[in-house]
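The values are calculated or read from the model by the stated rules, or taken from the named source; none is laboratory data. Worth saying up front: this structure is predicted, and the values here are computed from it rather than measured. Positions of Cβ are backbone-derived with ideal geometry, glycine not excepted, and every protein chain shown enters the neighbour counts.
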Amino acid sequence: MSRVEGASVEEALDHLVNQFADPLSFLRELIQNSIDAGSQHIDVRFEKQPGQDGECVMVIHVDDFGEGMDREIIDSRLTRLFSSGKDGDLTKIGKFGIGFSSVFAIQPDAVCVDTTRGGENWRVLFRKDRSFVRIERDEPIEGTKIRLIKAVPEAAFEDYRTRAESVVRYWCKHVEVEVTFDGEVINEPFDLDLRVKVFHHEPGTDIVAGYARGEATFRGFYNKGLTLLESDDSGVPRVSFKVSSRYLEHTLTRDRVIEDANYRKAMSLVDGLIAGPLIERLFELLDEAVRTEGENLSRARYLQELAAWHLARGTDLPASVGDRAVLRSVDGAPLGLAACRRAAAASRLLVESGVSPLTDALAALGYVIVSQMSDGGGLLRTLCGGEPPHARHRFCLPLPVASEDETLRWVPLRDAAADLLGKSDVRIASLELGRLAYEGSGVGSWPVVTVRRLGEVTPLAEALTLGTSLLSKKRVLVVSSDHPTVQGLIGMARTEPELAALVLAKLVLLMTKHGPAVDAELASPALNATLGKLAVERRCTRLGF
C-alpha cells in the first residue's frame, strides 16, 4: 500500500470515528447492532473504578444476548471498514456496517469485545491507537459484551453518565426490545401524549397521529423503534405524528430520512390517517363529551375548538361525523353536526341561555336553539359565520294573561284606549293585555308590542309596526301587564279612564310611529289638541254632560 493510500484510509477512518455531532452517539450504534443481532435485551451500564491523580476509570458496558460473532464475522465486519452483510436486508437497520467505529469518538484507552457464536469464543481488544488483537477465549458467553475503558476526571464521570443516558433515551426509547440503562428500563410506549389521537398498524409499520397542544407540532421517524429523525415541526397544521417502519432508512450521517418510495408510502399512510380516522376520533370524543357535558365541560370546550378549526379551514369531513353530537340544545338534547350546519345555512340556528315559551315555540317552528352553556371553542360562532344570534334578539312571544282578575281590571283602560286609537290613523285590530316580561321573551322592558295574533312568535323587527294606510293589515296591540307604567294606567283608569287612555295612546304612537319627525308630531299642539279633545268628549259622554 502506498503512503497516499495509507493516508486516505486513515482519513476515512477518522471521518467515520467522528461522524456524529455527539461522541456518545456511539451507544446508539452499538444498540442498533445488538438489535440486528437478534438480542431481546440490551443492558448499558456505567461503572466507576479507582484511578490516580484525581481521575477515575470509567467503564461503559454494552451487553447483548444476540447471535454473537465468530471469526469470519469479526474479520469481515467488526474490524474491516465498509464491509457489510446487511445490504439489501431491510430487517437490518445498521446497513453501512460502520457504526462500531464510532466507539473511538470518546478516545477510549481500550475497547474490549467478548463474543461467542457457533462454538467459537473470542475476545477482540482494541488499543488506544485503534489497533487490535484477536484472542481466543475458553469460556463461552451469551451474545456480545462490549466494554469501553477510559480514565476521566472524577468530576467528569457523572457528566458522561448523564449525557449517555440522554443519548440512549433519545435514540432508543421506542425500540422493540428491552433496553436498560444502569438497571432502569428506558423503553417508552410508541405513543404521543395527546388528548385526541389514533393509531395505525400493518406489518412492518406503526403510526400514531394526534392533535398537538397549541400551535407547536412534532414529527418523529423511527426504524423498528430506533430514532431516525425527530423535528419540532410536523409540517401539518395542529397535528403531530410518529412513524416507525422497517422500510424507512436514514442517511449515512443519521441527520435525515431518505425520501424514497418507502418514505412517500409512509407519508401517504400518515396523510390518510389524519384526514380520516383522526377526524372521526375527534368527533367521536366530542359526541361523548357533549352527551355528558356536566362531567366533561373543559374537555368538550377543547374538542369543540378543534372542530371549529376544521370547519373554519373548510376541511372535507368524513360523512360518518355528520350525526355526531357537537352541541346541546337549550333543553339539553344533543345536537348533531349535520343538523346544526343545515340550520345555520337556513339562518335557523339560534342560541339562548335557558328554556322559555319563546324557545319552545321557535323549536316547534323548526329552529335549532343551542344552549349558550354548551358552546365552547368558537364552534357556534364558526357555524353561524359570526356572533350567534340570540333567540330573544330576533323574536318575541307575547302571551295571554292567565289571571282573570288582571283581565277585568284592564277592561276600562282597554275600552277607552281602543276608542281613542280607533279614531286615529293607525290600523289596530284589537288591544290585548299580555305577558311580555318573562325570561327570554325578547322585548326587555317594552310596554307594548304589535303582533298578528296574541301568542304567536313575532320577529322583533315587526313587533313595533302599525300601518296607517287603508291597505295596511290591522295588527293586535299587546300591552304589557308587568310594565310599571301600564300598571299605573290601569289603576288610573278606574276613576279617569279617558286620561289614562290618552297617556297610553300617546305612548303607543311614540313607540310604533317611526321617523325623525315623530317626536315633533307627538308634541304638536294640533295632535295633542285632537287627542285631548277626543278624550274630553268621551269623558263628558261617560259622565252624562
Q: From the list 387, 439, 406, pick out the single residue that is acidic (Asp, Glu) and touching a strand residue (DSSP E or B) at 6+ places or on another chain (Cβ under 7 Å).
A: 406
Q: Report, by residue number, each residue of the stretch 199-223 that is of a type outside the set (Ser, Thr, Tyr), crowded, with 21+ Cβ neighbours inside 10 Å and touching a residue at least 60 places away in the same chain (Cβ under 8 Å).
A: 207, 209, 210, 223
Q) Could you say whether any residue in the stretch 337-347 is at pLDDT 90 or above and either under 23 Å from residue 213 (Cα atoms) or among the aromatic types (Phe, Trp, Tyr) (or both)? A) no
Q | Filter result (among the aliphatic types (A, V, I, L, M) and either at pLDDT below 90 or on the phi > 0 side of the Ramachandran plot (or both)) within the stretch 223-271 | A | 252
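On the basis of being part of a loop (DSSP other than H, G, I, E, B) and surrounded by fewer than 16 Cβ atoms within 10 Å (Cβ to Cβ), does residue 406 make the cut?
Numbers: part of a loop (DSSP other than H, G, I, E, B): no; surrounded by fewer than 16 Cβ atoms within 10 Å (Cβ to Cβ): yes.
No: the conditions fail for residue 406.
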Q. Counting only residues that are assigned to a loop (DSSP other than H, G, I, E, B) and either of a type in the set (Asp, Glu) or not assigned by TED's automatic domain parsing to the domain that holds residue 66 (or both), which one in the stretch 107-144 is nearest to the chain's Cα centre (by Cα)?
A. 142
(Q) It is to be established whether one or more residues within the stretch 220-228 are within 22 Å of the chain's Cα centre (by Cα) and under 22 Å from residue 22 (Cα atoms). (A) yes
Q. Of all strands (runs of 3 or more DSSP E) completely enclosed by the stretch 424-484, which ones contain at least 3 residues that are among the small types (Gly, Ala, Ser) and under 23 Å from residue 412 (Cβ atoms)?
A. 428-435
(Q) Conditions first: (1) at pLDDT below 65; (2) crowded, with 20+ Cβ neighbours inside 10 Å; (3) not aromatic (Phe, Trp, Tyr). Residue 501 passes all but one, so which condition is the exception? (A) (1)
Q: Name, by its number, the condition in (1) part of a strand (DSSP E or B); (2) touching a helix residue (DSSP H, G or I) at 6+ places or on another chain (Cβ under 6 Å) that does not hold for residue 171.
A: (1)
Q | Residue, nearest to residue 72 (Cα to Cα), within the stretch 108-120, restricted to residues that are touching a strand residue (DSSP E or B) at 6+ places or on another chain (Cβ under 7 Å) and of a type outside the set (Gly, Ala, Ser) | A | 115
(Q) Taking the conditions exactly as written (assigned to a strand (DSSP E or B) and either small (Gly, Ala, Ser) or farther than 27 Å from residue 278 by Cα (or both)), does residue 327 satisfy them or not? (A) no
Q: Can you confirm whether the stretch 233-243 contains a residue that is outside any loop (DSSP other than H, G, I, E, B), over 30 Å from residue 102 (Cα atoms), of a type in the set (D, E, K, R) and not assigned by TED's automatic domain parsing to the domain that holds residue 334?
A: no
Q.
Among the listed residues 285, 278, 303, identify the single one that is part of a helix (DSSP H, G or I) and in contact with a strand residue (DSSP E or B) (Cβ under 8 Å, 6 or more places away or on another chain).
A. 278
**Q.** Count of the stretch 157-170 residues which are without any contact (Cβ under 8 Å) to a residue 24 or more places away in the chain and either polar (S, T, N, Q) or closer than 14 Å to residue 47 by Cα (or both)
**A.** 5
Q. Yes or no: residue 147 in contact (Cβ under 8 Å) with a residue 40 or more places away in the chain, outside any loop (DSSP other than H, G, I, E, B) and among the basic types (Lys, Arg)?
A. yes
Q. Checking residue 361 against (1) among the aliphatic types (A, V, I, L, M); (2) assigned to a helix (DSSP H, G or I); (3) surrounded by 20 or more Cβ atoms within 10 Å (Cβ to Cβ), which single condition isn't satisfied?
A. (3)
Q. Does any residue in the stretch 334-349 that is on the phi < 0 side of the Ramachandran plot come within less than 7 Å, Cβ to Cβ, of a residue that is among the hydroxyl-bearing types (Ser, Thr, Tyr) six or more places away or on a different chain, and which pairs are these?
A. 335/329; 348/367
